[in-house]
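Enquirer: Here's a structure for you.
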Amino acid sequence: MRSNEQKPDVWLVITILCLLIIGIVMVYSSSSIWSEYKFDDSWFYAKRQILFASLGLIAMYMLSRIPYFVWYKHAKLIVIVCLVFLILVLIPGVGMVRGGARSWIGIGMFSIQPSEFMKLGLIIFLAKFLSIRQKRMVSFQEGFLPGLAIILIPFALIMLQPDLGTGVVMVGTCLVMMFVAGARIAHFMLIVAGGLAGMAGLIASAPYRIQRITAFLHPWEDPLGSGFQIIQSLYAIGPGGLLGLGLGKSMQKFFYLPEPQTDFIYSVLAEELGFLGGSIVLVLFFILLWRGVRASLHASDLFGSLLALGIVGMISIQVMINVSVVTGLIPVTGITLPLISYGGSSLTLTLAALGLLLSVSRYSNES
């Protein structure tokens, strides 16, 4: 055990718990009508969210107590296991298809999403890789290109599901890590053209992605089809005003907004709690970002610094994408709001990742 062990970041713990409580309340509020209709139980989604949150909190506590540098030794094994699960989910009969994507593996009454595990596993492995090759990151062939290859392999497997949203979050997080580790801006510029071309190809290869782009640009051309989600989302946010309609008084959750407890939960939150409530949630995420960056800056080694940066970067990118989608700033991508949206794998893995972040904060160089 290292001599500079401290207590976990209290500000970070309080922020996580506040977001988690808000998430549970909003999952119940946004899903009660739909779950009553579908399962004859208005608490169906809320009870499962509480279960996932409990499991996630246990994982967060356990991982916060384990010195983060233990995972340095097991980084390779972790990413290999995650890759195996990404391959298994593509096998018919093993992987479950939901919403047109084969992204889940069923285990009894529950299911897991291997791509969520891959995001965290890749952050751990890349943090080790970059901490070893940090001095060579200025070299395209010895640093940047191998790092890019590590990212693109799991990205390709995720795109076979397909799950563009998760893939974008994962790649974006890893590129931020590489940039901070010392990769040159010129190297990033070289792949921008290829990345844009590849993104255009991915969009063109799937008709539903083209529909999302069209709906983003002209939602009212197909208000009952491709433009339905974003129109209903804006209908929820608009009437919320400054203080909202009141908790539990959303109108859009009455079968207007599809799956309001997942990707568009922020729309219901803004409708019920208004601009003030939505702003408080964003401020809490900003505090999480601040404390995460602080943990990264004061980590006791480069591995811990990059690990903390990757975790807080992953969460921040998801928040920016989700809020941008529900407010109509970017096309629909299918990204949940961390700690707020309903979801087993996403919530549990996010809390587990935050446990690693808390572990890094315990070994800070600053008292």
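The values are calculated or read from the model by the stated rules, or taken from the named source; none is laboratory data. Everything quoted here is computed from the prediction, not taken from an experiment. Virtual Cβ from ideal backbone geometry, glycine too; neighbours counted across all protein chains shown. Protein only, heavy atoms only, side chains kept; ligands, DNA and RNA dropped before computing areas. Shrake-Rupley method; radii C 1.70, N 1.55, O 1.52, S 1.80 Å.
Enquirer: I need the phi-derived Karplus couplings for the stretch 310-315: 6.51 cos²θ - 1.76 cosθ + 1.60, θ = phi - 60°, integer Hz, Gly and Pro marked x.
Expert: Here the 3J(HN,Hα) series is x, 5, 5, x, 4, 5 Hz.
Enquirer: What three numbers, in Å, describe the spread of the alpha carbons of the stretch 285-367 along their principal axes, ordered from the longest?
Expert: Principal axes ranked by extent give 42, 25, 19 Å for the Cα atoms.
Enquirer: Could you do me a favour and compute the accessible area per residue for the stretch 255-367, 1.4 Å probe, result in Å²? If you can, show how the numbers build up before the last one.
Expert: Working: 3320 Å² over 113 residues.
Accessible area per residue: 29 Å².
Enquirer: I've got another one for you. By the gyration tensor of its Cα atoms, with a ≥ b ≥ c the square roots of the eigenvalues, what is the shape of the stretch 1-83: rounded for a/c under 1.5, prolate for a/b over b/c, or oblate?
Expert: The shape class here is oblate.
Enquirer: Compute the longest continuous run of the chain that contains no exposed chymotrypsin sites (Phe, Trp or Tyr not before Pro); treat a site as exposed when its DSSP state is not H, G, I, E or B and it has at most 14 other Cβ atoms within 10 Å. Don't skip to the end; give the middle numbers.
Expert: Working: sites that count: Phe254, Phe255.
The longest uninterrupted stretch comes out as 1-253.
Enquirer: Going by the alpha-carbon gyration tensor, a ≥ b ≥ c the square roots of its eigenvalues, is the stretch 118-159 rounded (a/c under 1.5) or, if a/c is not under 1.5, prolate (a/b greater than b/c) versus oblate? All intermediate terms of the calculation are to be shown ahead of the outcome.
Expert: Details: a/c = 4.43, a/b = 1.53, b/c = 2.89.
Here the stretch 118-159 falls in the oblate category.
Enquirer: Where does the stretch 210-283 land on the Kirkwood hydrodynamic radius, alpha-carbon pairs, in angstrom?
Expert: Values: mean 1/r = 0.0805 Å⁻¹.
Mean inverse Cα-Cα distance, inverted, gives 12.4 Å.
Enquirer: Also, quick follow-up: As a test of the formula, what do you get for the chain when each DSSP H run with n ≥ 4 contributes -39,500 (n - 2.57) and the sum is divided by the residue count, at 222 nm and rounded to the nearest 500 deg cm²/dmol? Don't jump to the answer; show the numbers that get you there.
Expert: Working: 13 runs with 244 residues, N = 367.
The per-residue figure over the chain is -22500 deg cm²/dmol.
Enquirer: When ligands, DNA and RNA are left out and all protein chains stay put, how many square angstrom of accessible area per residue does the stretch 1-129 have with a 1.4 Å probe? Walk me through the numbers before you get to the answer.
Expert: Values: 6750 Å² over 129 residues.
With all protein chains present, the stretch 1-129 gives 52 Å² per residue.
Enquirer: Give me the distance in nm between label points sitting 7 Å out from Cα along the Cα-to-Cβ direction at Leu297 and Trp11, one decimal.
Expert: For the pair Leu297/Trp11, the computed spacing is 1.0 nm.
Enquirer: Holding the Cα-Cα limit at 26 Å, pick out from Lys76/Lys135; Lys119/Lys249; Lys73/Lys135; Lys7/Lys76; Lys7/Lys128 the pairs that are longer than that. Can you show the working numbers first?
Expert: Details: Lys76/Lys135 21 Å; Lys119/Lys249 36 Å; Lys73/Lys135 20 Å; Lys7/Lys76 29 Å; Lys7/Lys128 24 Å.
The pairs that break the limit, which is 26 Å between Cα atoms, are Lys119/Lys249; Lys7/Lys76.
Enquirer: On the accessible surface of the stretch 96-157, probed at 1.4 Å, how many percent belong to carbon and sulfur atoms?
Expert: Numbers: 1860 of 2890 Å².
Accessible surface attributable to carbon and sulfur in the stretch 96-157 totals 64 percent.
Enquirer: What are the ³J(HN,Hα) values, in whole Hz, obtained from phi via the Karplus relation 6.51 cos²θ - 1.76 cosθ + 1.60 with θ = phi - 60°, for each residue of the stretch 286-296 in sequence order, with x given for Gly and Pro?
Expert: Listing the rounded values in order: 5, 5, 4, 4, 4, 5, x, 5, 4, 4, 5 Hz.
Enquirer: How high is the relative contact order of the stretch 221-267, in percent, with contacts defined as C-alpha pairs under 8 Å that are six or more residues apart? The partial results should precede the final answer.
Expert: Values: 23 pairs, mean separation 19.0, N = 47.
Dividing the mean separation by the residue count of the stretch 221-267 yields 40 percent.
Enquirer: What distance in nm separates the simple spin-label points at Ile58 and Lys38, each placed 7 Å from Cα in the Cβ direction?
Expert: That separation, rounded to one decimal, is 2.6 nm.
Enquirer: Next up: Carbon and sulfur: what percent of the stretch 20-60's accessible surface (1.4 Å probe)? Can you show the working numbers first?
Expert: On the way: 1390 of 1960 Å².
Of all accessible area on the stretch 20-60, carbon and sulfur atoms account for 71 percent.
Enquirer: Excluding residues on the same chain fewer than 8 positions from Lys47, give the aspartates and glutamates whose Cα lies under 19 Å from its Cα.
Expert: Glu36, Glu259, Asp263
Enquirer: May I have the extent of the alpha carbons of the stretch 1-154 along their three principal axes, as whole Å values ordered from largest to smallest?
Expert: Ordered largest first, the stretch 1-154 gives principal extents of 59, 45, 25 Å.
Enquirer: Next up: With an 8 Å Cα cut-off and a minimum separation of 6 or more residues, compute the relative contact order for the stretch 31-115 in percent.
Expert: Working: 61 pairs, mean separation 11.3, N = 85.
Computed over the stretch 31-115, the figure is 13 percent.
Enquirer: In percent, how large is the relative contact order of the stretch 1-149, given Cα pairs closer than 8 Å and 6 or more residues apart? Show your work: numbers first, answer last.
Expert: Details: 106 pairs, mean separation 19.5, N = 149.
Dividing the mean separation by the residue count of the stretch 1-149 yields 13 percent.
Enquirer: For the pair Leu190 and Leu90, how long in nm is the line joining their label points, each one 7 Å along Cα→Cβ?
Expert: 2.7
Enquirer: What does the extension gain come out to for Ile80 and Leu224, with contour length at 0.36 nm per residue minus their alpha carbon separation? If you can, show how the numbers build up before the last one.
Expert: Numbers: separation 144, 0.36 × 144 = 51.84 nm, distance 4.35 nm.
Full extension from Ile80 to Leu224 adds 47.5 nm.
Enquirer: Tally up the carbon and sulfur contribution to the accessible surface of the stretch 238-322 as a whole percent, 1.4 Å probe, everything protein left in place. Could the numbers behind the result be given before it?
Expert: Working: 2520 of 3300 Å².
About 76 percent, which is the carbon plus sulfur part of the accessible surface.
Enquirer: Using only the Cα atoms of the chain, construct the convex hull and provide its projected area averaged over every direction, in square nanometres to one decimal. Let's see the in-between values first.
Expert: Values: hull surface 73.1 nm².
That works out to 18.3 nm².
Enquirer: Among all stretches of the chain without exposed GluC sites (Glu not before Pro) (DSSP loop, at most 13 other Cβ atoms within 10 Å), which one is longest? Working shown, then result.
Expert: Numbers: sites that count: Glu5, Glu366.
Counting only loop sites that pass the neighbour cut-off, the longest clear stretch is 6-365.
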